[in-house]
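Nothing in this text is a laboratory measurement; each read-out follows from the coordinates by a stated rule. What you see is a predicted model; the values in this text were computed from it and never measured. Positions of Cβ are backbone-derived with ideal geometry, glycine not excepted, and every protein chain shown enters the neighbour counts.
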Amino acid sequence: MDSSSSSISSSLEILIATSCVLVVSFFLLKIRQILAKRNKLPYPPGPKPWPVVGNLPHLGMAVHQSLAAMVKTYGPIIYLRLGSVNVVVACSASIASQFLKTHDSNFSNRPPNSGAKHIAYNYQDLVFAPYGRRWRMFRKICAVHVFSGKALDEFRYVREEEVAVLTKALAKSNKNGQGSPVNLADLLNVCTTNALARVLLGTRVCGDGEGYADQKSQEFKEMVVEVMVLSGVFNIGDFIPSLEWFDLQGVASKMKNLHQRFDAFLTKIIDDHKINAASNENCTGSKNSDLLSKLIGLKEDVDGEEWKLTDTDIKALLLNLFTAGTDTSSSTVEWALAELIRHPNILAQAQQELDSVVGKDRLVSESDLNQLPYLQAVIKEAFRLHPSTPLSLPRVSVEDCEIDGYFIPKNTTLLTNVWAIARDPSMWPDPLRFEPERFLPGSEKANVDIKGNDFEVIPFGAGRRICAGLSLGLRMVQFMTAALIHGFNWELPEGQVIEKLNMDEAYGLTLQRASPLMVHPKPRLEAHVSLYVGGTTGVVVVGGTTGVLIDDGVVLGGGVVDFVDGVSWSLLMVVMLVMEFVYQLHIHNTFTTR
Ligand code: HEM
């Protein structure tokens with residue numbers, strides 16, 4: 001080899017070596033930068049995740065309870081890895097306020113999930129819409145036409161009529177003290193569903209017109225509850241994307257099936273409405289125009305642009321309002337009444353207040369509510385101990401942020417454990433005790449409201465994605481509870497004692513009672529009062545839904561349940577490891593290990 005070629009080859013070697021050093025240095029630098037960033041701020045504490053499934057096995061059956069129990073070990077901000085998804089859980093008022101107030105704009109989206117995809121028209125609804133134009137349009141429509149003070153007042157007569165129907169049904173069930181016990185949840189559900197349906201659609205959708213449940217109301221309630229239950233299941237496919245296709249729990253297929261039934265129900269209602277509008281009929285005798293009539297043909301101005309609603313937009317919105325607005329309210333009333341039955345002194349005091357304000361010769365009306373501070377305290381206490389969505393609805397961060405000195409990366413799902421927050425012993429003396437007095441003037445929590453301003457009790461969430469139906473939900477819960485306790489004394493079925501009334505929780509997205517409240521209502525007003533029913537009736541017939549809607553696999557009480565039914569755990573782990581490994585090779589995963 002001559003000297004010139006040897007010098008070329010040595011230059012080449014130097015070049016290659018230099019390049020290698022540069023590339024390695026670059027990567028080392030990057031890794032150092034990432035580590036330095038992470039080292040500066042630690043992640044919040046949390047249980048050690050398992051390979052692939054992460055902390056999913058730590059969630060147990062009642063997720064809100066398992067997460068609340070972790071506070072003792074890890075404190076009020078807990079970091080989890082569920083499959084490949086980063087999750088942070090807020091379990092104290094101060095942490096929740098940092099997420100939902102200080103960093104609200106960063107957490108104003110919902111994370112992707114199969115419910116939004118398969119049930120809620122592929123995110124075309126309000127609840128799961130990304131924070132932006134579409135979401136603003138839906139919120140504006142609801143705020144103006146359904147939840148504003150003016151809209152609520154316009155439809156007050158509807159709620160009063162439906163509550164009167166409920167009262168009459170309860171009075172009739174008594175049958176001179178000989179009747180069989182009433183399943184209160186069924187009747188409450190008919191009441192809330194019809195009160196809402198008459199505002200949204202201008203017609204009742206369920207019940208026999210006398211306040212009792214019928215097959216349709218049963219099916220409708222089951223559809224709503226199934227939405228809540230399915231949405232509350234921690235679906236493996238949402239957390240381990242490589243397994244989404246396998247639908248191990250059968251959740252996605254149940255969601256698709258449910259979507260079809262709900263869609264058929266809503267399509268028929270819209271078609272009927274268009275026909276009725278064309279023939280200028282109003283089958284219900286509604287005094288005011290319902291939301292659906294307003295939505296059909298509505299052209300909204302959103303951010304300076306005109307937005308014409310499609311049938312899918314309308315169906316997605318109605319689906320949200322029915323599912324978010326019925327079971328939440330009726331189950332809260334059921335919990336409230338169960339607490340009052342367990343605490344006869346509190347019930348007596350609330351009845352005394354009602355008697356002194358309303359008397360005994362008429363039904364309570366919505367306009368009385370402002371003069372009933374003790375009743376309002378009872379309702380706050382019921383919301384505190386039994387928030388209908390114990391983990392609120394999830395949010396997701398759009399960028400990295402710092403909360404309470406911890407690093408929260410972008411794309412982290414936020415769960416706000418409103419159930420644990422409202423039972424925090426450092427904020428609530430004797431937190432498990434049902435004690436409305438804590439909200440009365442002169443008491444420590446006298447000025448605490450439940451509308452998203454005081455983070456120690458936030459049953460409706462907080463921040464810009466706070467419950468859209470707060471005003472209606474709160475009014476409905478207060479009014480129904482007032483009517484129940486003013487109109488009746490309550491007895492449990494023979495053989496049951498109040499001390500042993502089952503207060504266990506079942507878990508879906510909403511907090512149901514594990515066993516329904518069965519009761520004997522004993523009218524306490526003049527007979528002519530509780531048997532009075534004003535207004536008009538009109539029940540729309542919506543066919544096509546049959547069968548047992550909550551079948552095996554996903555049942556009330558299911559959190560992370562049954563997802564390995566019939567498959568051995570170890571075999572599944574191997575399959576999951578392989579699938580996840582293959583998946584990670586192809587897809588960029590934003591997660592960085594703790
Ligand atoms: C007892 C009654 C109710 C409770 C406890 C309740 C609770 C909640 C909670 C915790 C959220 C999530 C808030 C957040 O992310 O911070 C929510 C959202 C929502 N609720 Fe309610 N709710 C109730 C009644 C209603 C009613 C009556 C309606 C409508 C008829 C309704 C419609 C909605 C909608 C549309 C959202 C989504 C808001 C958005 O993403 O912007 N809710 N609700």
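Which residues does the label zone of LEU41 cover in segment 88-125, counting backbone N under 19 Å from a point 7 Å along Cα→Cβ?
Under 19 Å, as judged by backbone N against the label point of LEU41, lie 88-92, 94-109 of segment 88-125.
Between ASN489 and residues 5 or more places away or on another chain, which pairs have amide H atoms under 5 Å apart, with H built 1.01 Å from N, and which residues are they?
Counting only residues 5 or more places away or on other chains, the set is LYS522, ARG524.
What's the center-to-center distance, using Cα atoms, between segment 110-186 and segment 441-504 in Å?
A separation of 16 Å, based on Cα centres.
If I histogram all Cα-Cα distances within segment 96-148 using bins 10 Å wide from 0, what percent of pairs lands in each bin?
Values per bin, smallest distances first: 24, 39, 35, 2.
What is the fewest-to-most order of HIS386, HIS64, HIS103 by other Cβ atoms lying within 10 Å of their Cβ?
Numbers: HIS386 23, HIS64 26, HIS103 20.
Ordered from fewest to most neighbouring Cβ atoms within 10 Å, HIS386, HIS64, HIS103 come out as HIS103, HIS386, HIS64.
Applying a 10 Å radius around every beta-carbon, put 387-393, 111-117, 194-200 in order of their mean neighbour count, most first.
194-200, 387-393, 111-117
Between SER367 and ARG133, what length in nm is gained on full extension when 0.36 nm per residue of separation is reduced by their alpha carbon distance? Walk me through the numbers on the way to the answer.
Values: separation 234, 0.36 × 234 = 84.24 nm, distance 3.61 nm.
Contour length minus the Cα-Cα distance gives 80.6 nm.
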